[in-house]
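Participant: Mind having a look at this structure? Questions to follow.
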Amino acid sequence: MNWGKGIIVAFVSFAVFIGILVTVCIKQDISLVSKEYYQEELNYQQQIERIANTEALAVKPDLHLAHRQLEINFGALNNIEHGELKLFRPSDSRLDKKFALDPANTTVQRFDVSNLPAGMYKARMQWTMNQKEYFMEHIINL
């Protein structure tokens, strides 16, 4: 083999490699943390205030997993106006799940998570009580 053929083989091999690399990169699934990521970042000061409100509570809600049900025990917190529980799966946004908190049932609330695949989730709970907003986050493993 002479120099000319070697250079041509090297360039063709490099072009094929780049073509395969571009194809693989285009097919890669990129899921964002949230569709409204930038708007949420702009409103983060409100989130800091919600977290501070939760830290100031004497009794915080207890969140734990029991028999493939997520159980939230609010204890003495009984003035919940509305709220939401989001189960956030960092590895796949298609597995995220939302539950509405029931203001009528403020002692213990249970949510069925038996249909969710096993793995790590971030349970993010936001609620309003006495016209004040609160937020807490727990990591749970199903």
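Read-outs: derived from the displayed coordinates by stated rules, not from any lab. The structure presented is a predicted model; accordingly, all values stated were derived computationally and were not measured. Note that we place each Cβ from the backbone using ideal geometry, even for glycine, and neighbour counts take in every protein chain shown.
Participant: What ³J(HN,Hα) values, in whole Hz, does the Karplus curve 6.51 cos²θ - 1.76 cosθ + 1.60 give for the range 61-77 when θ = phi - 60°, with x put for Gly and Pro?
Facilitator: x, 9, 10, 8, 9, 9, 6, 6, 10, 8, 10, 10, 9, 7, x, 7, 7
Participant: Mind giving me the FRET efficiency for residue 36 and residue 78? R0 is 25 Å, r the Cβ-Cβ distance, nearest 0.05 is fine. Display every interim value, and only then the final one.
Facilitator: Working: r = 32 Å, r/R0 = 1.27.
For residue 36 and residue 78, the calculated efficiency is 0.20.
Participant: With each label point set 7 Å from Cα along the Cα-Cβ vector, what nm distance links residue 14 and residue 43?
Facilitator: 5.0 nm
Participant: Right, something else. Return one number: the angle in degrees, 0 to 90 and rounded to the nearest 10, between the long axis of the Cα atoms of helix 3-27 and the longest principal axis of the Cα atoms of the chain.
Facilitator: For helix 3-27, the angle is close to 20 degrees.
Participant: Going by a ≥ b ≥ c, the root eigenvalues of the Cα gyration tensor, does the range 37-141 fall in the rounded group (a/c under 1.5), the prolate group (a/b larger than b/c) or the oblate group?
Facilitator: Values: a/c = 1.94, a/b = 1.13, b/c = 1.72.
Judged from the Cα gyration tensor, the range 37-141 comes out oblate (a/c at least 1.5, b/c at or above a/b).
Participant: So, one more: Skipping prolines and chain starts, which residues have an amide H placed within reach, meaning under 5 Å, of the one on residue 101, given they are 5 or more residues away or on another chain?
Facilitator: Here the answer is 83, 84, 85, since their amide H atoms fall under 5 Å of that of residue 101.
Participant: Treating the angle as unsigned and between 0 and 90°, give the value, to the nearest 10°, between the Cα long axis of helix 44-56 and the longest Cα principal axis of the chain.
Facilitator: 40 degrees
Participant: Would you work out the relative contact order for the chain, in percent, from Cα pairs under 8 angstrom that are 6 or more residues apart?
Facilitator: Numbers: 196 pairs, mean separation 31.6, N = 142.
Rounded, it is 22 percent for the chain.
Participant: Compute the length gained on full extension between residue 67 and residue 25: take 0.36 nm times their separation in residues and subtract their Cα-Cα distance, giving the result in nm to one decimal. Intermediate values should be presented prior to the final figure.
Facilitator: Values: separation 42, 0.36 × 42 = 15.12 nm, distance 4.08 nm.
That pair, residue 67 and residue 25, stretches by 11.0 nm at full extension.
Participant: If you place +1 on the Cβ of every Lys and Arg, -1 on the Cβ of every Asp and Glu, and leave all else neutral, what size is the dipole of the range 15-142 about its Cα centre, to the nearest 20 Debye?
Facilitator: Values: 14 positive and 16 negative charges, 74 e Å.
For the range 15-142, the charge dipole is close to 360 debye.
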